[in-house]
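Coordinate-derived values only; no laboratory data. Remember, it's a predicted structure, so these values are computed and weren't measured experimentally. For neighbour counting, all protein chains shown are included, and Cβ atoms are generated from backbone atoms with ideal geometry for every residue, glycine included.
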Amino acid sequence: MEKVSLDDMSNKFCPQALFLYGTYKEDGTPNFGLFCWISYCWDAELGVMACIGGEKLTKDRIRKTKVFSANLVTESLLPLADYLGNTEGYAAGKMNVPIEVEPGAVLDVPVLKESPWIFELEVIQSMPLDGGDVFLCKIRNVLAAKELADESKSLEERMKFVAPVITAGIQKYFKLNPESMGAWGDWKNAIL
Ligand SMILES: Cc1cc2nc3c(=O)[nH]c(=O)nc-3n(C[C@H](O)[C@H](O)[C@H](O)COP(=O)(O)O)c2cc1C
């Protein structure tokens, strides 16, 4: 495959899941923003690492409360997610939209009724960088749609049920094709 060096250090074509981060504002009402710079780390157990660039309400509230929810974005949540990712929490009235929110099960965080996979996260370490901040988090609870705990359904069926939306650093949203390509380890002998 012939390669070219690109001018921009981008992550175009590198897929990322999308999450809506929920925090409580100072007045106790919820705020949500859309985020994709999120991944996982291992620290005796599964953890989450999240990067928030610039100054924004979500970051202010995470710094203050040290907790937030990360709600997986699905196809049906996309219109709301796109709005919440393109409207500043500092703007009055951002949250005056139809949105179904309930309290987290373990932490004092707001969660979205419609998201099928939600992490309740507690920040254990914050790393301020040059305009961005990385938050290392312990997963204090996973709230999953009960359909996802139904072991009688195949993983493919459950992936179809979730219907996650991804992005890829090219300012577009994509659907996932939930067709399985086998399990980890199924392929390793194919190259020998
Ligand atoms: C698709 C998409 C992904 C985004 N991912 C991030 C991200 O990972 N980190 C970040 O700092 N901002 C990200 N943003 C921008 C925030 O969603 C935006 O700043 C929003 O206003 C945050 O909500 P808040 O102002 O209520 O805190 C993203 C926006 C979009 C549309």
Quick one: order T23, T65 by neighbouring beta-carbon count within 10 Å, fewest to most. T65, T23
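Quickly estimate the mean residue ellipticity at 222 nm for the chain, helices only: each DSSP H run with n ≥ 4 gives -39500 (n - 2.57), and the total goes over all residues, rounded to 500. Present the calculation step by step, with values, prior to reporting the outcome.
Working: 3 runs with 25 residues, N = 192.
The helix contribution divided over the chain gives -3500 deg cm²/dmol.
Write down the Å³ per residue value for the convex hull defined by the alpha carbon atoms of the range 110-179. Numbers along the way, then the final one.
Working: hull volume 9.7 nm³, N = 70.
Once divided by residue count, the hull of the range 110-179 is 138 Å³.
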From Cα pairs below 8 angstrom and at least 6 apart in sequence, can you work out the relative contact order of the chain, rounded to a whole percent? 24 percent
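Local charge sum around S152 (other residues, Cβ-Cβ under 14 Å, Lys/Arg +1, Asp/Glu -1)?
Taking every other residue near S152 into account, the sum is -2.
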What's the FRET efficiency of L78 with K56 using the Cβ-Cβ distance as r and R₀ = 25 Å, to the nearest 0.05? 0.75
Could you give the size of the charge dipole of the range 16-137 about its Cα centre, using +1 on the Cβ of each K and R and -1 on the Cβ of each D and E, expressed in debye and rounded to the nearest 20? 200 debye
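Determine Rg/Rh for the chain; Rg is computed over alpha-carbon atoms and Rh is the Kirkwood hydrodynamic estimate from the same atoms.
0.99
How many percent of all Cα-Cα pairs in the range 1-68 sit more than 17 Å apart? Intermediate results must be reported in sequence, preceding the final value.
Details: 1280 of 2278 pairs.
Roughly 56 percent, rounded to a whole number.
Order by neighbour count: F13, F135, fewest other Cβ atoms within 10 Å first, most last.
Numbers: F13 8, F135 23.
Lowest to highest Cβ neighbour count: F13, F135.
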Just L129, L107, L155 to compare: in a GNM of the chain, with alpha carbon springs under 10 Å, which one fluctuates most? L129
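If neighbour count is taken as other Cβ atoms inside 10 Å, put F19, F174 in order from fewest to most. Don't skip to the end; give the middle numbers.
Details: F19 27, F174 12.
By the 10 Å Cβ count, ascending: F174, F19.
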